Each structure stands twice: as structure tokens, then as C-alpha cells.
């Protein structure tokens, strides 16, 4: 009996006090680099096409002031999050991106490095960002407070958005799946169709959320240049 609905997301499988559930995040080290030592196939060509498209888009978002090669950080971030999101769709595999432990680990260092770089190297530019252009003089103190707060909650919103979207879909699928044994044959067929539709939706969410995380990180980094 579950103590609460979210206990299904607790990493409980362990050997020698080492949680095995987090190992799903490291399987990519075995699967992703295969294109370096196997003959190219259709999947590797498609994946390279996706990565090159992302590289061009992130380069456009960063603008001319972006450092060369900085897009590879965000392309790698997209690949990591999307891989972990898809791994969580398989049965009996723990969804690591549904925990703030992982999402905050990705969001906080990125945001902190952007802030440190911006305030140390472009201090006047960062102060200018606190007051949007065209703000009346009376509202300037309030705008500084609002912009400062919105700046501080950025890593939290990045992390919570990703984790909440992953939890919501998996929790709905878990709740619907638990009602299966008590249903008749007709309702069971409807339930299976609903679960397949939800699985398709979750596949789309896995791609969209990884893309949103990477794009927002790129936009935050472009503001400090």
C-alpha cells in the first residue's frame, strides 16, 4: 500500500546503499556514443540532422555576442534531458527528471555561472536589465524589485517546470493503470486505448520539455552578453 501517490517516484531499489534507480541516467553513456564506433545508419543521420538544426537555432538565439562553441553546451543539455525523459517511459525504469534533485542540479549551476559571468564582466549591462526601457521614473524602484525577484526564481522555474510535467503524466498513467484489474472487458479496452494515447502525449512532452529547458537556458545566457 502506498503511503501517498508520489511514493511511486521514490528511489527505493538499492544495493549496498547505492540507489540503482539513478543508473537510468547513465545508460546513455553506453547507448549514445555508438555512432562513433559503428557504421552510420538512418538513425545516426537523423540524430545528426536534429543536432545540427538545434545548433543553428541556438546560435541564432545567442546572437553575434555569443562565444564560439557555447551552443554545444545547450545541445548536450537537450540530449541529456530528452534521453532521461524517454527512459522514464519504459516500464520499471525510474524517471530521473521527475525529481528536483536532478533538475535543480542542471538549472542552478547554469544560472549561477551566467550571473557570475554577467555581473563580473558586464556589470553596467546587468544593471540596465533591471529597468526595462521606457519605464516611468515613479515605477523604477518597483521594476527593480520585480526584475530581481524574477531573476532569482529562474532556476526554480526551470527545475519545477520539467519535474512537474514529468510527474503529472506519469502519475496520471499510474492512477489509470491501477484501476485496470477492477474493470470489465469493455472498459479495459477503452483504458488501453487511453493509456496508448497518454503514452503518445508523454513522448511529445518528453521532447517539448527538454527543448523548452534548453531554449530558456540559451535565452538566459544571451542576456548576460
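Bear in mind these aren't lab numbers, they're just calculated from the coordinates by the rules spelled out. Keep in mind it's a predicted model, so treat the numbers as computed, not measured. Here Cβ is always computed from backbone atoms with ideal geometry, including for glycine, and neighbour counts include all displayed protein chains.
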ask   = If we keep just the residues of the range 199-213 that are under 16 Å from the mean Cα position of the chain (by Cα) and free of Cβ contacts under 8 Å to residues at least 24 places away in the same chain, which is nearest to residue 55 (Cα to Cα)?
value = 208
request  = Identify the single condition in (1) within 23 Å of residue 108 (Cα to Cα); (2) more than 28 Å from the chain's Cα centre (by Cα) that residue 166 does not satisfy, given that it satisfies every other one.
outcome  = (2)
message = Going residue by residue through the range 186-198, is there one that turns out to be touching a helix residue (DSSP H, G or I) at 6+ places or on another chain (Cβ under 7 Å) and in contact (Cβ under 8 Å) with a residue 24 or more places away in the chain?
response = yes
remark   = Of the residues in the range 120-134, those that are touching a residue at least 24 places away in the same chain (Cβ under 8 Å) and in contact with a helix residue (DSSP H, G or I) (Cβ under 6 Å, 6 or more places away or on another chain) come to 126
The range 68-93 - residue that is in contact (Cβ under 8 Å) with a residue 12 or more places away in the chain and part of a loop (DSSP other than H, G, I, E, B) and, of those, surrounded by the most Cβ atoms within 10 Å (Cβ to Cβ) = 88
ask   = Considering 61, 51, 110, which residue is assigned to a helix (DSSP H, G or I), crowded, with 19+ Cβ neighbours inside 10 Å and touching a helix residue (DSSP H, G or I) at 6+ places or on another chain (Cβ under 9 Å)?
value = 110
ask   = Given 115, 82, which one is under 17 Å from residue 152 (Cα atoms) and under 21 Å from the mean Cα position of the chain (by Cα)?
value = 115
ask   = Only one of 172, 186 is within 24 Å of the chain's Cα centre (by Cα) and on the phi < 0 side of the Ramachandran plot; which?
value = 172
